[in-house]
Amino acid sequence: MTSPTKAEGSGPSVALDPELAATTEVVVPKKLEGRSPGQLMWQRFKRDRTGMVSAGVVIFFFVVSALAPVISKLYGKDPYTLYAQEPEYPFLLDDFAMPSGSFGGVSGDFWFGVQPQLGRDVFTMLLYAIRNSLYMALVLTTLCVVTGVLIGLVGGYFGGKVDYWLGRVTDFFLSFPNQLFFIAFMPVVTAMFVSPTDETPTYLRVVAIILVMWFLGWMSMARLVRGSVVSLREREFVEAAKVSGASRWRIVRKEILPNVVTPILVQATYTLPSSILNIAFLSFVGVGLVEPTPDWGRMFAIGAHIYEQDPAFLLFPGAALVIFILAFNLLGDSVRDAFDPKTGR
């Protein structure tokens, strides 16, 4: 008969049943792996269905805008051709220059209908309008974020007279009425480079729009970053970096800037859709992009004049703009909640 085995140890011997010992599995604890703040943020963001759907919609718009020339080629139309004058579409417009088909001329050849008066294809007009607006808004948002972050970091960290004068400059620019300034200043900017008798090139209009909106668009980011930096510059880890002999540039780059990434990113997600709306507003009032360049705002301006005769012309541009702005705003909320769970909805 086999005698019970005894467990070795510093204490009293404990008898173990050999059969029990043979069937007992030894559970080895799993090694715990640390996760970075970015990984934690991504884990929280993936659990937010609203954020994931919004991100998918936003990515879809960016992909469509990037592939607009490819889609247009496969579709067989472009946003510049006056198809009402083409012999293959003799009855595209009626005697009043309105789309002869139902619902704005929607058909197998023209998926979103045709433009009244001229007979352009609305689908490709919208594709290129989204493309132009997104590209301009991306450049504008980047400029506003970089400018605001630099001014906010410098003013918030150095304080004193530097902070005072940067704050007064920011207040000065905030005193301008944005929309009125846009309308009044756009013709001035273009007139500085082009004679009134000559037509302003499209690229110059684009540059002028970006410059004017950048001129009055960086202040909110600067104030946000400045407030965050002021609350961080007296913290223990910043003081420890100073004591260790770190330079000011290293402290700002390594200690302060990583701790203000969250508000910067969230503010940027609100700045981009706001920029798109402002760009559309300029074209709507006639000081932005002009014919024949496709533009979201000018499509609304055209639709506002013919909505009684052809209300369908506003449907697709309006739906696309509402969906994109709503998705981007919801994405901003989800990003904020992922970075800071305490603010979760």
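The values are calculated or read from the model by the stated rules, or taken from the named source; none is laboratory data. Keep in mind it's a predicted model, so treat the numbers as computed, not measured. All Cβ positions, glycine included, derive from the backbone under ideal geometry; neighbour counts span all protein chains shown. Note: areas computed on protein heavy atoms with side chains; ligands, DNA, RNA excluded. Shrake-Rupley method; radii C 1.70, N 1.55, O 1.52, S 1.80 Å.
Go through segment 208-240 and give me each residue that's buried (at least 18 other Cβ atoms within 10 Å of the Cβ), over 20 Å from Val162 (Cα atoms) and aliphatic (A, V, I, L, M).
Ala208, Ile209, Ile210, Val212, Met213, Leu216
Which residues, taken from segment 170-183, are aliphatic (A, V, I, L, M) and surrounded by 13 or more Cβ atoms within 10 Å (Cβ to Cβ)?
Passing the criteria: Leu174, Ile183.
Mind checking which pairs have a first residue in segment 268-297 that is on the phi > 0 side of the Ramachandran plot and a second that is of a type outside the set (A, V, I, L, M, F, W, C) and open to solvent by 20 Å² or more (accessible area, probe 1.4 Å), Cβ under 9 Å, 6 or more apart or different chains?
Within 9 Å, the pairs are Gly286/Arg298.
So for segment 101-110 (the condition being within 25 Å of Pro311 (Cβ to Cβ), assigned to a helix (DSSP H, G or I), open to solvent by less than 20 Å² (accessible area, probe 1.4 Å) and at pLDDT below 85), does at least one residue qualify?
Yes; the residues of segment 101-110 include at least one that is within 25 Å of Pro311 (Cβ to Cβ), assigned to a helix (DSSP H, G or I), open to solvent by less than 20 Å² (accessible area, probe 1.4 Å) and at pLDDT below 85.
From the list Tyr80, Tyr128, Tyr75, which one is modelled with pLDDT of 80 or more and open to solvent by 100 Å² or more (accessible area, probe 1.4 Å)?
Going through Tyr80, Tyr128, Tyr75 in turn, just one is modelled with pLDDT of 80 or more and open to solvent by 100 Å² or more (accessible area, probe 1.4 Å): Tyr80.
Condition first: under 29 Å from Asp295 (Cβ atoms), open to solvent by less than 50 Å² (accessible area, probe 1.4 Å), touching a Ser or Thr at 6+ places or on another chain (Cβ under 7 Å) and not basic (Lys, Arg). Can you find one or more residues in segment 184-197 that meet it?
For segment 184-197, residues under 29 Å from Asp295 (Cβ atoms), open to solvent by less than 50 Å² (accessible area, probe 1.4 Å), touching a Ser or Thr at 6+ places or on another chain (Cβ under 7 Å) and not basic (Lys, Arg): present.
Among the numbered conditions (1) at pLDDT 70 or above; (2) farther than 30 Å from Ala320 by Cβ, tell me where Met41 comes up short.
(2)
Quick test of your reading of the structure: Phe123 fulfils all but one of (1) farther than 23 Å from Lys73 by Cα; (2) touching a residue at least 24 places away in the same chain (Cβ under 8 Å); (3) surrounded by 18 or more Cβ atoms within 10 Å (Cβ to Cβ). Name the failing condition by number.
Going through the list (1) farther than 23 Å from Lys73 by Cα; (2) touching a residue at least 24 places away in the same chain (Cβ under 8 Å); (3) surrounded by 18 or more Cβ atoms within 10 Å (Cβ to Cβ), Phe123 breaks only (1).
Going through Tyr203, Tyr157, Tyr164 one at a time, which residue ends up being out of contact with any Cys (no Cβ under 9 Å at 6 or more places or on another chain), closer than 22 Å to Thr262 by Cβ and of a type outside the set (Lys, Arg)?
Just a single option satisfies the conditions, and that option is Tyr157.
Residues checked against (1) within 14 Å of Ser283 (Cα to Cα); (2) aromatic (Phe, Trp, Tyr); (3) touching a residue at least 24 places away in the same chain (Cβ under 8 Å); (4) touching an Asp or Glu at 6+ places or on another chain (Cβ under 7 Å):
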site: Ala191; (1), (2), (3), (4): no, no, no, no
site: Pro196; (1), (2), (3), (4): no, no, no, no
site: Val206; (1), (2), (3), (4): yes, no, yes, no
site: Phe215; (1), (2), (3), (4): no, yes, yes, no
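List the pairs whose first member sits in segment 146-166 and is hydroxyl-bearing (Ser, Thr, Tyr), whose second member is surrounded by 13 or more Cβ atoms within 10 Å (Cβ to Cβ), and whose Cβ atoms are under 6 Å apart, counting only residues at least 6 apart or on separate chains?
Here the result reads Thr147/Trp218; Tyr157/Val229; Tyr157/Arg233; Tyr157/Val252, each pair linking segment 146-166 to a residue that is surrounded by 13 or more Cβ atoms within 10 Å (Cβ to Cβ).
Which count do you get for residues in segment 243-260 that are open to solvent by 50 Å² or more (accessible area, probe 1.4 Å), of a type outside the set (Gly, Ala, Ser) and either out of contact with any Phe, Trp or Tyr (no Cβ under 8 Å at 6 or more places or on another chain) or more than 23 Å from Ala222 (Cβ to Cβ) (or both)?
Within segment 243-260, residues that are open to solvent by 50 Å² or more (accessible area, probe 1.4 Å), of a type outside the set (Gly, Ala, Ser) and either out of contact with any Phe, Trp or Tyr (no Cβ under 8 Å at 6 or more places or on another chain) or more than 23 Å from Ala222 (Cβ to Cβ) (or both) number 8.
Scan segment 286-339 residue by residue and report those that are surrounded by fewer than 17 Cβ atoms within 10 Å (Cβ to Cβ) and aromatic (Phe, Trp, Tyr).
Hit for segment 286-339 is Tyr307, nothing else.
How about segment 67-96: which of its residues are without any contact (Cβ under 8 Å) to a residue 60 or more places away in the chain, touching a helix residue (DSSP H, G or I) at 6+ places or on another chain (Cβ under 8 Å) and either under 15 Å from Gln309 (Cα atoms) or not in a loop (DSSP other than H, G, I, E, B) (or both)?
Correct list: Ile71, Ser72, Tyr75, Leu93.
In the list Leu138, Leu118, Leu166, Leu143, which residue meets the criterion of being in a loop (DSSP other than H, G, I, E, B), open to solvent by 30 Å² or more (accessible area, probe 1.4 Å), touching a helix residue (DSSP H, G or I) at 6+ places or on another chain (Cβ under 8 Å) and not charged (D, E, K, R)?
Unique residue meeting the criteria: Leu118.
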